[in-house]
Amino acid sequence: MGNIILCIEDNPDNTLLFKRVLEAAGYKIRHAKNGLDGIAVAESEEIDLILLDINLPDIDGYEVARRLRKSAKISLAKIPIIVVTANALKGDAQKALDAGCNLYLSKPIDIHALWSHIDSFVHLSNGLEI
Ligand code: MN
(Lines give C-alpha, C1' and ligand atoms only; values in the text may rest on other atoms or scores of the structure.)
Protein backbone atom coordinates (compact mmCIF):
# COMPACT_ATOMS: atom_id res chain seq x y z
CA MET A 1 0.00 0.00 0.00
CA GLY A 2 1.46 3.29 -1.09
CA ASN A 3 0.59 6.90 -0.72
CA ILE A 4 -0.44 7.92 -4.21
CA ILE A 5 -3.54 10.09 -4.47
CA LEU A 6 -5.33 10.74 -7.73
CA CYS A 7 -6.96 14.14 -7.76
CA ILE A 8 -9.75 14.43 -10.37
CA GLU A 9 -10.41 18.15 -10.40
CA ASP A 10 -10.82 20.73 -13.19
CA ASN A 11 -10.17 23.86 -11.14
CA PRO A 12 -6.43 24.76 -11.24
CA ASP A 13 -6.52 26.64 -7.91
CA ASN A 14 -8.08 23.71 -6.08
CA THR A 15 -5.66 21.33 -7.75
CA LEU A 16 -2.69 23.41 -6.63
CA LEU A 17 -4.05 23.60 -3.09
CA PHE A 18 -4.52 19.82 -2.90
CA LYS A 19 -1.07 19.24 -4.36
CA ARG A 20 0.62 21.55 -1.87
CA VAL A 21 -1.09 20.34 1.28
CA LEU A 22 -0.99 16.66 0.40
CA GLU A 23 2.61 16.64 -0.78
CA ALA A 24 3.49 18.44 2.46
CA ALA A 25 1.86 15.52 4.28
CA GLY A 26 3.99 13.01 2.37
CA TYR A 27 1.57 11.95 -0.36
CA LYS A 28 2.31 11.78 -4.05
CA ILE A 29 -0.26 13.41 -6.29
CA ARG A 30 -1.47 12.41 -9.72
CA HIS A 31 -3.89 14.75 -11.40
CA ALA A 32 -6.61 14.50 -14.03
CA LYS A 33 -8.64 17.51 -15.14
CA ASN A 34 -11.74 15.66 -16.32
CA GLY A 35 -13.65 12.51 -15.51
CA LEU A 36 -12.62 10.31 -18.42
CA ASP A 37 -8.92 11.11 -18.00
CA GLY A 38 -9.32 10.36 -14.29
CA ILE A 39 -10.77 6.93 -14.99
CA ALA A 40 -7.98 6.25 -17.49
CA VAL A 41 -5.30 7.14 -14.93
CA ALA A 42 -6.98 5.05 -12.23
CA GLU A 43 -7.15 2.07 -14.57
CA SER A 44 -3.59 2.31 -15.86
CA GLU A 45 -1.63 3.30 -12.75
CA GLU A 46 -1.37 2.19 -9.14
CA ILE A 47 -3.44 4.64 -7.11
CA ASP A 48 -4.22 4.38 -3.39
CA LEU A 49 -7.00 6.92 -2.95
CA ILE A 50 -9.07 9.22 -5.17
CA LEU A 51 -10.13 12.79 -4.48
CA LEU A 52 -13.07 13.49 -6.74
CA ASP A 53 -14.73 16.73 -7.79
CA ILE A 54 -18.38 16.59 -8.87
CA ASN A 55 -18.57 19.39 -11.43
CA LEU A 56 -16.24 18.26 -14.20
CA PRO A 57 -16.17 19.32 -17.86
CA ASP A 58 -17.20 15.93 -19.28
CA ILE A 59 -18.97 13.35 -17.11
CA ASP A 60 -19.80 14.35 -13.53
CA GLY A 61 -18.16 12.93 -10.44
CA TYR A 62 -21.10 10.65 -9.67
CA GLU A 63 -20.68 8.98 -13.05
CA VAL A 64 -16.92 8.75 -12.52
CA ALA A 65 -17.52 6.93 -9.23
CA ARG A 66 -20.05 4.54 -10.77
CA ARG A 67 -17.67 3.67 -13.62
CA LEU A 68 -14.71 3.17 -11.25
CA ARG A 69 -16.75 0.79 -9.09
CA LYS A 70 -17.68 -1.29 -12.15
CA SER A 71 -14.20 -1.21 -13.68
CA ALA A 72 -12.57 -4.37 -14.98
CA LYS A 73 -9.65 -3.43 -12.72
CA ILE A 74 -10.82 -5.18 -9.57
CA SER A 75 -8.96 -2.98 -7.07
CA LEU A 76 -11.06 0.01 -8.14
CA ALA A 77 -14.15 -1.60 -6.65
CA LYS A 78 -12.74 -0.83 -3.21
CA ILE A 79 -10.36 2.10 -3.63
CA PRO A 80 -11.30 4.93 -1.23
CA ILE A 81 -13.08 7.75 -3.06
CA ILE A 82 -13.49 11.08 -1.28
CA VAL A 83 -15.72 13.65 -2.95
CA VAL A 84 -14.65 17.24 -2.44
CA THR A 85 -17.14 19.61 -4.00
CA ALA A 86 -18.63 23.08 -3.92
CA ASN A 87 -21.84 21.52 -5.18
CA ALA A 88 -23.30 21.17 -1.69
CA LEU A 89 -27.01 20.92 -2.31
CA LYS A 90 -29.34 18.94 -0.15
CA GLY A 91 -29.24 15.31 -1.23
CA ASP A 92 -25.83 15.51 -2.93
CA ALA A 93 -24.00 13.70 -0.16
CA GLN A 94 -26.43 10.80 -0.40
CA LYS A 95 -26.11 10.83 -4.19
CA ALA A 96 -22.33 10.55 -3.84
CA LEU A 97 -22.61 7.65 -1.40
CA ASP A 98 -25.13 5.94 -3.68
CA ALA A 99 -22.65 6.30 -6.56
CA GLY A 100 -20.09 4.38 -4.50
CA CYS A 101 -18.08 7.16 -2.89
CA ASN A 102 -16.86 6.64 0.67
CA LEU A 103 -17.02 10.20 1.94
CA TYR A 104 -18.44 13.57 0.90
CA LEU A 105 -16.76 16.83 1.91
CA SER A 106 -17.96 20.26 0.83
CA LYS A 107 -15.77 23.22 -0.07
CA PRO A 108 -14.21 25.31 1.34
CA ILE A 109 -11.95 22.51 2.44
CA ASP A 110 -10.89 22.07 6.04
CA ILE A 111 -7.34 20.88 5.36
CA HIS A 112 -6.86 19.21 8.74
CA ALA A 113 -10.10 17.30 8.37
CA LEU A 114 -9.05 16.22 4.88
CA TRP A 115 -5.68 14.98 6.14
CA SER A 116 -7.20 12.98 8.93
CA HIS A 117 -9.80 11.40 6.65
CA ILE A 118 -7.15 10.46 4.09
CA ASP A 119 -4.86 9.07 6.78
CA SER A 120 -7.64 6.96 8.22
CA PHE A 121 -8.52 5.49 4.81
CA VAL A 122 -4.90 4.73 3.98
CA HIS A 123 -4.28 3.12 7.38
CA LEU A 124 -7.49 1.15 7.14
CA SER A 125 -6.41 -0.17 3.75
CA ASN A 126 -2.97 -1.04 5.14
CA GLY A 127 -4.55 -2.99 7.96
CA LEU A 128 -6.74 -4.95 5.60
CA GLU A 129 -4.06 -5.72 3.08
CA ILE A 130 -1.67 -7.85 5.22
MN1 MN B 1 -15.07 21.39 -10.87
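General observations
- Per residue, the accessible area of segment 8-130 comes to 54 Å² when a 1.4 Å probe rolls over the protein heavy atoms.
- Put a dot 7 Å past the Cα of ASN55, heading toward its Cβ, do the same for LYS73, and the two dots end up 2.8 nm apart.
- Taking the accessible area of segment 1-102, probe 1.4 Å, and keeping the other protein chains in place, the carbon and sulfur fraction comes to 53%.
- Lysine pairs within the chain, Cα separation less than 15 Å, 8 or more sequence positions apart or different chains: 4
- Sparsely packed trypsin sites (Lys or Arg not before Pro) within segment 50-130, loop by DSSP, other Cβ within 10 Å at most 16: LYS70, LYS73, LYS78, LYS90
The values are calculated or read from the model by the stated rules, or taken from the named source; none is laboratory data. Model, not experiment: these values are computed from the prediction. Don't worry about glycine lacking a Cβ; one is built from the backbone with ideal geometry, like all the others, and counts go over all protein chains shown. Please note that ligands, DNA and RNA were not included when accessible areas were found on the heavy atoms of the full protein model with its side chains. Shrake-Rupley method; radii C 1.70, N 1.55, O 1.52, S 1.80 Å.
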